[in-house]
Amino acid sequence: MTNRTRTDGNRGSQRPALGSATVSILTAAYLLLITNRTFWTKALTYFDDTRTVVLLAIGLIALASAILIALSFKYITKPILIFMVIAAASASWFMDGFGTIIDREMVRNAVTTTPAEAGHLITFGFIKHMVLFGVIPVGLLLWVRIEHKTFGRKLKTNLGLIALMLAVTAAAGLTEARTLSSTSRAHRDLLATLNPFTPIVQVARYFIGTAKVANVVVEKRGLDAQVDAPVSASGRPRVLVVVAGETARAESFALGGYSRDTNPELSKLDITYFPKTTSCGTATAVSIPCMFSVFGRKDYTFEKGVSTENLVDILTHAGIRTEWWENNTGSKGVADRITSRSFSNENDPRFCVNRECRDEVILANLDSWLESVKGDAVLVVHQLGSHGPAYYQRYAEERRHFTPDCRTDELGNCSREEIVNAYDNTILETDHFLAAIIGKLKAHEANLAGSMIYMSDHGESLGEKGLYLHGAPYFVAPSQQTHIPFVLWLGQDTKKTVDAGCLTAKTAEDVSHDNLYSTVLGLMYVQTKEYKHDLDVLAACRSDVKS
């Protein structure tokens, strides 16, 4: 290894000169020891013996050194090391600050986000973190001269060093093989937080998967769909509003037993609440396409979702007017083949700031849409809801009931009480929003037979077990991210066909996003082989639904 100082003739300043292997080993040590607080915290928790953690550190540093030495070719060494440092710095901000685990679906969520949403995450704290853990180390890498030997000598030296590092890794691993194997199987989240190697692998998985479906031909589904009874018993067109909620957790709904009165308006209405409802995913990019897909959570994949027509397509095949109103980060492909409207793009100054709108913008446009309905119709509304970290921007001043509330995107500057207060105010806003939709449907009952379904896409962590926000891999996701609110309101026409006692009994059962697909088809009287009687939450309670 080379380690000496050279003089820059142009400026007369001295810059250290290090061999490529030395720089690789130092960078590997920096990445593993400095940017992996979450990983080592978990390791110290999961392993009973500190000796095991020390051997794990030695083995991982040696393995990372072997990888970086193998990549230390002239002209690409610095770019690769700089990329690794920046990737590690940015990933550590989210892992250490929010408890985020970066898997393929989290990458998908990040890639498909909007500038407004991303802007809430690029805070002063994030910038300061990136300067300290990213820019300064990169500056040191740029300052150091990396010396490369001739190809033959470099190949011989590097192969020897790689063999040595792999031997160290093997020795450390074999010494505690049983403990390492059993613990990593029992705690799959441990290796999922190894920074930056796991995030980089997940980014690669995302782009490989996306490339595979780039030219996919979408499979038609439900071409046999038809409306069994084109109008309701009263002769009025059926109208169903499906509200795809955002980041609302059941734990914060008073309807489900939360101690705070976060549902003062819905609690006064004749609604049905399903307290045992779980989501398909923990992030919008997964849950939204999954909940509208024919595939249940266990069978759903991104590839299946993008290559198959979904619920809104089948409604269209049945001749039902179907529209998607977007007030979030997009339909994630669900509404690609139907009429859609983006309120963030319209940027209505009454409700919107920098292309991010409170959900009131939807209420302001709903009456005119209802007045335009002449036949059976379904309107899907994708809320902004309780999306963080800027909870305080999601509710109007009159719904600012719980105080003091966190009034910044920088959650680290707020107490947990302030964060919870702000979040609970967003639930108050959603409560008002849903009650207002029901009110508007009631106001049009002379001409329309209306109903409403509300399901949140996923929940939210508010500091439980050190976690914030959402997006945890499902296998380790806490209940706060998967237990969601599900509200059903039936208009007069539909209510007459439903046994109230039966429906009340159904609320004691476990339900999920899997039930949305067939429940909507059942409410709209759509006959198709895609319909599954056992997944329609109303089917067993209605005499006019065919099995």
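The values are calculated or read from the model by the stated rules, or taken from the named source; none is laboratory data. Not measured: the values here are computed from a predicted model. A quick note on method: Cβ atoms are made from the backbone with ideal geometry, for glycine too, and the neighbour counts reach across all protein chains shown.
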The correct count of residues that are out of contact with any Ser or Thr (no Cβ under 6 Å at 6 or more places or on another chain) and surrounded by 14 or more Cβ atoms within 10 Å (Cβ to Cβ) in the stretch 508-522 is 9
Can you pull out every residue in the stretch 167-214 that is over 26 Å from ILE34 (Cβ atoms), within 20 Å of the chain's Cα centre (by Cα) and of a type in the set (A, V, I, L, M, F, W, C)? PHE207, ILE208
Kindly check whether there is at least one residue in the stretch 247-264 that is at positive phi, touching a Ser or Thr at 6+ places or on another chain (Cβ under 9 Å) and in contact (Cβ under 8 Å) with a residue 12 or more places away in the chain. yes
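State which residue is surrounded by the most Cβ atoms within 10 Å (Cβ to Cβ) when the search covers only the stretch 248-296 and only residues that are of a type in the set (Lys, Arg) and part of a loop (DSSP other than H, G, I, E, B).
Filtering the stretch 248-296 down to residues of a type in the set (Lys, Arg) leaves 249, 260, 268, 276.
Subsequent filtering for residues that are part of a loop (DSSP other than H, G, I, E, B) retains 249, 260, 276.
Details: ARG249: 27, ARG260: 15, LYS276: 14.
The residue in question is ARG249.
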Only one of these conditions is not met by THR210: (1) at pLDDT 95 or above; (2) in a helix (DSSP H, G or I). Which number is it? (1)
Quick one: how many residues across the stretch 516-547 are over 19 Å from ALA500 (Cα atoms), outside any loop (DSSP other than H, G, I, E, B) and without any contact (Cβ under 8 Å) to a residue 24 or more places away in the chain? 1
Cβ-Cβ under 8 Å pairs, at least 6 apart or on other chains, the stretch 145-159 side under 14 Å from ALA66 (Cα atoms), far side outside any helix (DSSP H, G or I) and among the small types (Gly, Ala, Ser): ASN158/SER72
In this structure, is ASP405 over 27 Å from THR497 (Cβ atoms), assigned to a loop (DSSP other than H, G, I, E, B) and at pLDDT below 95? no
Mind checking whether some residue in the stretch 301-319 is touching a residue at least 40 places away in the same chain (Cβ under 8 Å), touching a Leu at 6+ places or on another chain (Cβ under 6 Å) and aliphatic (A, V, I, L, M)? no
So which residues in the stretch 434-467 are assigned to a loop (DSSP other than H, G, I, E, B) and within 18 Å of the chain's Cα centre (by Cα)? ASP457, HIS458, GLY459, GLU460, GLY463, LEU467
Check ILE288 against each of (1) modelled with pLDDT of 95 or more; (2) of a type in the set (A, V, I, L, M); (3) in the same structural domain as SER518 (by TED's automatic domain parsing) and name the one condition it does not meet. (3)
Please go through the stretch 501-515 and give me each residue that is among the hydrophobic types (A, V, I, L, M, F, W, C), in contact (Cβ under 8 Å) with a residue 12 or more places away in the chain and assigned to a helix (DSSP H, G or I), ordered by number. CYS502, LEU503
Considering only strands (runs of 3 or more DSSP E) wholly within the stretch 315-383, the ones with at least 2 residues that are over 27 Å from VAL217 (Cβ atoms) and at pLDDT below 95 are none
Inspect the stretch 65-74 for any residue being closer than 30 Å to LYS465 by Cβ and among the charged types (D, E, K, R) and give the result as yes or no. no
Restrict the check to the stretch 224-239 and report whether at least one residue is modelled with pLDDT under 85, of a type outside the set (Gly, Ala, Ser) and part of a helix (DSSP H, G or I). no
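Would you point out which residue out of ALA422, ALA435 is in the same structural domain as VAL243 (by TED's automatic domain parsing), touching a Leu at 6+ places or on another chain (Cβ under 7 Å) and within 19 Å of SER252 (Cα to Cα)? Steps first, please.
Values: ALA422 fails: touching a Leu at 6+ places or on another chain (Cβ under 7 Å).
Going through ALA422, ALA435 in turn, just one is in the same structural domain as VAL243 (by TED's automatic domain parsing), touching a Leu at 6+ places or on another chain (Cβ under 7 Å) and within 19 Å of SER252 (Cα to Cα): ALA435.
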May I ask you to list pairs of residues, at least six apart or on different chains, whose Cβ atoms are under 6 Å apart, with the first in the stretch 371-398 being hydroxyl-bearing (Ser, Thr, Tyr) and the second being assigned to a helix (DSSP H, G or I)? SER386/THR426; TYR391/ALA422; TYR391/TYR423; TYR391/THR426; TYR392/ALA422; TYR395/ASN425; TYR395/THR426; TYR395/GLU429
